[in-house]
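Here is the structure we will look at.
The values are calculated or read from the model by the stated rules, or taken from the named source; none is laboratory data. What you see is a predicted model, and the numbers here were worked out from it, not measured in a lab. Because the Cβ atoms are built from the backbone with ideal geometry, glycine has one as well, and the counts that use them run over all protein chains shown.
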Amino acid sequence: MPKPNPDPFEPSELPALAREVIKDAKFPMLASLDGDQPRLRPVSPVRVDGFTIYVANLRSYHKTGEIESNPKVELCYLSPGHDQLRITGVAHQLGHDEQSLIDQIWEENPLLRQYLGMSDNPELIIYRIIPHRVRFMREWALNYHDVPLPVDAS
C-alpha cells in the first residue's frame with residue numbers, strides 16, 4: 001500500500017482547514033477517563049463556536065462522573081476525506097447563571113426539545129469544551145500541525 005501523498009497547504013490555511021473538518025465530520029469521538037481506563041464514544045455537538053465545542057449530556061450517563069472526576073477531554077473529528085482534527089481541552093458544565101445560553105442552545109436543537117421536554121430539565125448538562133490545543137492532520141499523513149488558537153480560547 002503506497003504512503004499517502006496529501007495535498008500541500010500553507011500554515012495560514014490551518015484554521016480554515018480545521019473548521020472544515022468540524023463542519024464535514026459533524027460527530028466527533030469524545031475521550032475521557034474512567035479511573036485509569038480511557039473511554040471513547042461518539043457525541044453530537046449542540047453548538048460550535050470556533051474551536052470551543054458544546055456537548056449535551058444527561059446527568060445519569062456514566063461519562064458525567066468521568067468528566068466530574070477529570071474534566072480533561074479530547075474530541076477527535078475524522079472527515080469523509082480522512083482529514084483529522086483533535087481538540088484537547090477541559091469540559092466545563094454550563095451553570096444556572098448561563099441559562100440564557102442554555103436556552104439559545106435549546107432553541108437551536110430540536111432533538112434536545114424532543115427528548116428532554118424543557119431547557120431547565122435537571123437531567124440536562126451542557127459542557128463547554130474549552131480548547132488548549134488543536135491539531136490537524138491531512139489524509140493519514142502521520143504528522144499533526146498545531147492550529148493557532150485565538151487568544152481568548154485558551
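Within the stretch 14-53, being more than 10 Å from the chain's Cα centre (by Cα), within 12 Å of ILE87 (Cα to Cα) and in a helix (DSSP H, G or I) holds for ALA18, ARG19, VAL21. Within the stretch 1-32, the residues that satisfy the criterion of being of a type in the set (A, V, I, L, M), in contact with a Lys or Arg (Cβ under 9 Å, 6 or more places away or on another chain) and buried (at least 16 other Cβ atoms within 10 Å of the Cβ) are LEU17, ALA18, LEU30, ALA31.
The residues on offer are LEU85, LEU142, and the sole one that is within 24 Å of ARG19 (Cβ to Cβ), modelled with pLDDT of 95 or more and either touching a strand residue (DSSP E or B) at 6+ places or on another chain (Cβ under 8 Å) or part of a loop (DSSP other than H, G, I, E, B) (or both) is LEU85.
Among residues belonging to the stretch 108-138 that are more than 20 Å from the chain's Cα centre (by Cα) and among the charged types (D, E, K, R), point out the one that is modelled with the highest pLDDT. Per the stated criteria, the residue is GLU123. For the stretch 55-76, which residues satisfy the criterion of being surrounded by fewer than 19 Cβ atoms within 10 Å (Cβ to Cβ), closer than 16 Å to GLU123 by Cα and not hydrophobic (A, V, I, L, M, F, W, C)? The answer is ARG59, SER60, TYR61, HIS62, THR64, GLY65, GLU68. None of ASP24, ASP49 is acidic (Asp, Glu), closer than 25 Å to ARG135 by Cα and touching a residue at least 24 places away in the same chain (Cβ under 8 Å) except ASP24. Hey, any hits in the stretch 88-100 for a residue that's modelled with pLDDT under 95 and in contact with a strand residue (DSSP E or B) (Cβ under 8 Å, 6 or more places away or on another chain)? There is no residue in the stretch 88-100 that is modelled with pLDDT under 95 and in contact with a strand residue (DSSP E or B) (Cβ under 8 Å, 6 or more places away or on another chain).
Residue-by-condition table, conditions (1) basic (Lys, Arg); (2) surrounded by 14 or more Cβ atoms within 10 Å (Cβ to Cβ); (3) farther than 25 Å from GLU66 by Cα; (4) out of contact with any Ser or Thr (no Cβ under 9 Å at 6 or more places or on another chain):
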| site | (1), (2), (3), (4) |
| --- | --- |
| GLY89 | no, yes, no, no |
| LEU94 | no, yes, no, yes |
| GLN99 | no, no, no, no |
| ILE105 | no, yes, no, no |
| GLN114 | no, no, yes, yes |
| SER119 | no, yes, no, yes |
| PHE136 | no, yes, yes, yes |
